[in-house]
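First the structure, in the form of structure tokens, and then the observations on it.
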Amino acid sequence: SSAASNPESAGKPGSARGLPFEDPEGLLGAPATRQVAAGLAGTPADAAVLQGFLRKAGKTGGSWKRRWCVLRRGGLTYFKQRDSEKPQGVIDTGSVVGLSLAKEEDSPPFAFHLHTLGSGKVGSSRQGPGRRFTLQAPSADALRHWLHAIAAVARFLRGGDVSSFEAGAKEAEAAALARKRRDMEEAAAAAASRERESLRRAQAEAVRRAEARRRLQA
């Protein structure tokens, strides 16, 4: 079949297998993610895992287009309309290296980022630089469904099973705790430095005043 009809045969800009998966939201260990991942092994590669309308930002982030999106194991294909036969493009899920909420000040609600290794153009086999795709779900519930489904597919394609999701969650939790400890240590060090500087200035001021009194009494 053609690249347009089978997302798994669409452009493969690169494989993320073996590379770290950036998961700041801790999606990998979530029960909903594990549930989706557990069911992927028994489904055909071209079966839809999740589908629905999402808004997709342009490359420069200035224009948003409403697209009908279909997530399969081979890619997230997006169409201009629900009944369109020709896709506008496909994001290769095998090249996804990160998934995060859009937290920029100008980001619309329920938006998220998909970080990939290369281009998302249909039929492109050219290796290329990574790209950040920004998508917006219509609601908080839809956002959760899309995040868990994409995370499950990305890890499934990397050869991960349900246990790897639990391991990923523990790794994310450990990393978060390490960051928290580091932040606390840096804050404590900064506070101690400020206290030392304040003490030094107070001592210098005391010496200056004592010297001034001595001169007046001389």
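Any read-out appearing in this document is the output of simple, stated calculations on the displayed coordinates, not a laboratory observation. Keep in mind that what you see is a predicted model, and the values were worked out from it rather than measured. Don't worry about glycine lacking a Cβ; one is built from the backbone with ideal geometry, like all the others, and counts go over all protein chains shown.
Maximal additional length on extending the E185-D106 stretch stands at 25.2 nm, based on 0.36 nm per residue less the C-alpha distance. Remark: T134, T33 ranked as T134, T33, counting other beta-carbon atoms within 10 Å and listing the fewest first. Which pairs, out of K80/K103; K59/K180; K65/K103, put more than 30 Å between their alpha-carbon atoms? Where the Cα-Cα span goes over 30 Å, the pairs concerned are K59/K180.
Annotation: the residues L147, L101, L216, sorted from fewest to most other C-beta atoms within 10 Å of their own C-beta, follow the order L216, L101, L147.
If the label point is 7 Å along Cα→Cβ of S63, which residues in segment 96-118 have backbone nitrogen under 20 Å from it? The answer is 107-108. For segment 23-114, just say rounded, prolate or oblate: build the C-alpha gyration tensor, square-root its eigenvalues into a ≥ b ≥ c, call rounded for a/c under 1.5, and beyond that prolate if a/b exceeds b/c, oblate if not. Oblate, since a/c reaches 1.5 and b/c is not below a/b.
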